1. Checking residue 90 against (1) over 17 Å from residue 40 (Cα atoms); (2) surrounded by 10 or more Cβ atoms within 10 Å (Cβ to Cβ), only one condition comes out false. Which one?
2. Given the options 38, 42, name the one that is under 18 Å from the mean Cα position of the chain (by Cα), of a type in the set (A, V, I, L, M, F, W, C) and modelled with pLDDT of 85 or more.
3. Mind checking which pairs have a first residue in the stretch 34-47 that is more than 13 Å from residue 80 (Cβ to Cβ) and a second that is assigned to a helix (DSSP H, G or I), Cβ under 6 Å, 6 or more apart or different chains?
4. Can you tell me which of 30, 6 is under 18 Å from the mean Cα position of the chain (by Cα) and at pLDDT below 85?
5. Inside the stretch 57-77, can you point out the residues that are within 17 Å of the chain's Cα centre (by Cα) and among the β-branched types (Val, Ile, Thr)?
6. Return the total of residues in the stretch 69-91 being within 18 Å of residue 37 (Cα to Cα) and part of a helix (DSSP H, G or I).
7. Would it be correct to say that residue 27 is exposed (fewer than 10 other Cβ atoms within 10 Å of the Cβ) and part of a loop (DSSP other than H, G, I, E, B)?
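The values are calculated or read from the model by the stated rules, or taken from the named source; none is laboratory data. Remember, predicted model here, so these are calculated numbers, not experimental data. All Cβ positions, glycine included, derive from the backbone under ideal geometry; neighbour counts span all protein chains shown.
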Amino acid sequence: MGLDIPFSVIIGYALGLILLYLVGWLLLVPLKTILKFIYNGILGGIILWILNLIGGLIHVTVAINPITALIVGFLGVPGIILILLLQFILV
């Protein structure tokens, strides 16, 4: 009852598994990037909301939209400063 599996079949299965792993990895990486963008955008929106709550007392508000939320989400505090500077320059 010996196993007579040709070596080429074993190599074929191994290469197929490696290819399947690589394709799965390539499909997963963009999903992680998209989820990171969504997370940063939500975080930026929350930061802008808090800024509007506190800034409402001194009449400094920023519109909350996807662009400003992503800018603040990506850049953090420098993003808030950038949005405020752009607002004061353009108004």
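1. (2)
2. Unique residue meeting the criteria: 42.
3. The qualifying pairs are 40/73; 40/74; 41/69; 41/70; 41/73.
4. 30
5. 67, 68, 71, 72
6. The qualifying residues number 11.
7. no
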